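**Student:** Can you read through this structure? Questions will come right after.
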Amino acid sequence: MEIGISTFVILSILYFVASHVGLYKIFEKIGIEGWKALVPFYSTYLAVKTVKKGWLWIITYYIPFLGFVVWMGIVVELLKLLGKTSFKDHFLGVVFAGIYLPYLGFKEDVKFIGFEEAAKYKKSRKREWADAIIFAIVAATLIRGFYIEAFTIPTSSMERKLMVGDFLFVNKMAYGARVPNTPLSFPFTHHSFPEEIPLLGIPLPFGGNQSYIEWIKFPHYKLPAMGDVQRNDCVVFNFPAGDTVLIEEQAQVYEQIVRSQAVNLGKSYKEAKDLIAERYTVKVRPVDKRENYIKRCVGIPGDQLEIVDGELMINGKKAYLDEGAQFKYDVYVKDYPLSKKMLLKKEITFEFPEGQKYENGRPVFDGQGNPVLEQYWNPGGGNYYELTMTEEAKNKLVSTFANIVSVERQIEKKQEMPSVYLPVFPNDMQYNWTIDNFGPITIPKKGATVQLDMKTLPLYKRIIRNYEHNELVIKGNDIFINGENVTSYTFQQDYYWMMGDNRHNSQDSRYWGFVPDDHIVGKAVFVWFSTDSKFGTGIRWDRLFTLVH
């Protein structure tokens, strides 16, 4: 059941009004003039004093989202004064306040029992545990959903600004906390149940199964924001190309797999799609249940973006490049090989690539026919290495090791003759772009209008169909949107361009395009914990509680 924005707003207003009508009648039962329940600030003061709580409750009540937790406490304490002490009463009063409070307020046999009588009520140990657990779950869910949430960095796409093993907090209020699209979800899960019990490692029988239901769906709606997304912010967002996923291969981009299979098997896109549907479980996810990605926002609505020989240009000027940004380098040596141990000893940070795994001279494939990869270091013992490094690490490498012949950054030139399958956006033969030579392209802005033809359509096709939910049909060279033959399109929301600081090892907008505004989750604030399992060095003490600039 999909609930529109206007319906959602109306229901919210009705809930607020009905709750305060209930408080009006409850105040009267307690002996307070009912109209005082309708006076902002004063009503809060009276309610807190009535349930005999301190000023901390009043102050906390006006802190965004934490205030809702205080509201729950006030409701429970007021219900006790009416003799309502059961778990059912408290649950109904907190979760369905807009219905239950007016019900009690107008019910004649519900009366004020007095402060002394209410104070006699004592919870059983089981009840205390049940209330504490439910309170903690509700409070944590509200804070996690609307205020701040912990994330971990699983890949090296943002090295070395954000590193694999970093645990960070993300401020969801920064760009406006979103009302969940799918509110019916198991607490503390994203889209699936964990495969095993955290810390204990015990497998769960339902691990990996979907942890939400779509009986109720809300449209995109944001609460007031602290500000707008700015260039160079480190932003968490729902993966736009993750609307369709293969459950068995969730780390792969569905459309890239389909295109790759079509080329490798010599089939049409539709044939490859049907074949994949036979081999995998295909799942379509709502926006808020798509994978969480974190990248740097390098382009905001209206910006013109271009990459020239690896140099990012925004509106014709060189863009900001973080000092921790990494690129791939071709490294040639003489006399003796490089040593990983010596590089680490000299504090030269680096990554080396993955390649096809071989056993007994034969390539290894998984059960689905995909190549199995492994990291390799100087295969065959030659004088060539491919290392991913920062500019600082590159300079240190050259000045430290006398056997270095040359170190050159890899630059992928534009393709002279584009192939059928292009891995970079917009994945069309008309565009010969690569990750190092890309564009120019303009980031769509809400209300802006672009001309549509067979040349520009590949750039905006996913926006029109997937993100703004229009029916798109192509007949020859004619473009039909919602049944109308069109030559232009006006964008309904803002879009952003996200890129990783690890420029040659990042699945970002260069591969799948624009990030819609309704996919934005929040802004990375600070790293609260960090551990390095890659090189076995344990906790990175210098990164604890560091701000993400």
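The values are calculated or read from the model by the stated rules, or taken from the named source; none is laboratory data. No experiment lies behind these values; they were computed from the predicted model shown. Cβ coordinates were reconstructed from backbone atoms using ideal geometry, including for glycine residues, and neighbour counts include every protein chain displayed.
**Student:** Could you tell me which residue of segment 460-493 is nearest to residue 301 (Cα to Cα), considering only residues that are in contact (Cβ under 8 Å) with a residue 40 or more places away in the chain and part of a helix (DSSP H, G or I)?
**Tutor:** Among residues in segment 460-493 that are in contact (Cβ under 8 Å) with a residue 40 or more places away in the chain and part of a helix (DSSP H, G or I), the one nearest to residue 301 (Cα to Cα) is 463.
**Student:** Would you confirm whether any residue within segment 333-347 is surrounded by 13 or more Cβ atoms within 10 Å (Cβ to Cβ), at negative phi, in a strand (DSSP E or B) and not acidic (Asp, Glu)?
**Tutor:** Checking segment 333-347: at least one residue is surrounded by 13 or more Cβ atoms within 10 Å (Cβ to Cβ), at negative phi, in a strand (DSSP E or B) and not acidic (Asp, Glu).
**Student:** Checking the structure you have, find out if any residue of segment 535-545 is of a type outside the set (A, V, I, L, M, F, W, C), in contact with a Gly (Cβ under 8 Å, 6 or more places away or on another chain) and in contact (Cβ under 8 Å) with a residue 12 or more places away in the chain.
**Tutor:** Checking segment 535-545: at least one residue is of a type outside the set (A, V, I, L, M, F, W, C), in contact with a Gly (Cβ under 8 Å, 6 or more places away or on another chain) and in contact (Cβ under 8 Å) with a residue 12 or more places away in the chain.
**Student:** Turning to a different aspect of this structure: Looking at residue 167 and the list (1) closer than 26 Å to residue 60 by Cβ; (2) part of a strand (DSSP E or B), which single condition is not satisfied?
**Tutor:** All conditions pass for residue 167, except number (1).
**Student:** Another question, then. Return the residue satisfying two criteria in turn: it lies in segment 421-447 and is of a type in the set (A, V, I, L, M) and surrounded by 15 or more Cβ atoms within 10 Å (Cβ to Cβ), and of such residues it is farthest from residue 515 (Cα to Cα).
**Tutor:** If we filter segment 421-447 for residues that are of a type in the set (A, V, I, L, M), which is where we start, we get 422, 424, 429, 435, 441, 443.
Of the ones still in play, those that are also surrounded by 15 or more Cβ atoms within 10 Å (Cβ to Cβ) are 422, 424, 435, 441, 443.
On the way: 422: 20, 424: 15, 435: 17, 441: 14, 443: 10 Å.
This residue is 422.
**Student:** Still on this model: Select from segment 404-420 the residues that are modelled with pLDDT of 90 or more and exposed (fewer than 13 other Cβ atoms within 10 Å of the Cβ) and write down the one among them that is farthest from residue 269 (Cα to Cα).
**Tutor:** 405
**Student:** Of the residues 218, 239, 186, which single one is touching a Lys or Arg at 6+ places or on another chain (Cβ under 7 Å) and either surrounded by 13 or more Cβ atoms within 10 Å (Cβ to Cβ) or not assigned by TED's automatic domain parsing to the domain that holds residue 392 (or both)?
**Tutor:** The conditions single out 239.
**Student:** For segment 503-516, what are the residues that are modelled with pLDDT of 90 or more and out of contact with any Phe, Trp or Tyr (no Cβ under 7 Å at 6 or more places or on another chain)?
**Tutor:** 508
**Student:** Just to be sure I understand, how many residues within segment 448-458 are surrounded by 14 or more Cβ atoms within 10 Å (Cβ to Cβ) and in a loop (DSSP other than H, G, I, E, B)?
**Tutor:** Count: 3.
**Student:** I'd like the full set of residues that are more than 18 Å from residue 97 (Cα to Cα) and surrounded by 13 or more Cβ atoms within 10 Å (Cβ to Cβ), limited to segment 31-55.
**Tutor:** 32, 36, 45, 46, 49, 50, 53
**Student:** While we're looking at this one, here's another question. Could you pull out the residue among 250, 256, 261 that is under 16 Å from the mean Cα position of the chain (by Cα), modelled with pLDDT under 85 and closer than 27 Å to residue 511 by Cα?
**Tutor:** 250
**Student:** Kindly establish whether residue 500 is farther than 20 Å from residue 176 by Cβ and touching a residue at least 24 places away in the same chain (Cβ under 8 Å).
**Tutor:** yes
**Student:** In addition: Is it true that residue 155 is under 15 Å from the mean Cα position of the chain (by Cα) and closer than 16 Å to residue 351 by Cβ?
**Tutor:** Values: under 15 Å from the mean Cα position of the chain (by Cα): yes; closer than 16 Å to residue 351 by Cβ: yes.
The answer is yes for residue 155.
**Student:** Return the residues of segment 494-549 that are over 21 Å from residue 320 (Cβ atoms), assigned to a strand (DSSP E or B) and touching a Pro at 6+ places or on another chain (Cβ under 8 Å); say none if nothing qualifies.
**Tutor:** Correct list: 516 only.
**Student:** Taking segment 107-135, which residues are surrounded by 12 or more Cβ atoms within 10 Å (Cβ to Cβ) and not in a loop (DSSP other than H, G, I, E, B)?
**Tutor:** Hits for segment 107-135 are 115, 117, 118, 127, 130, 131, 134, 135.
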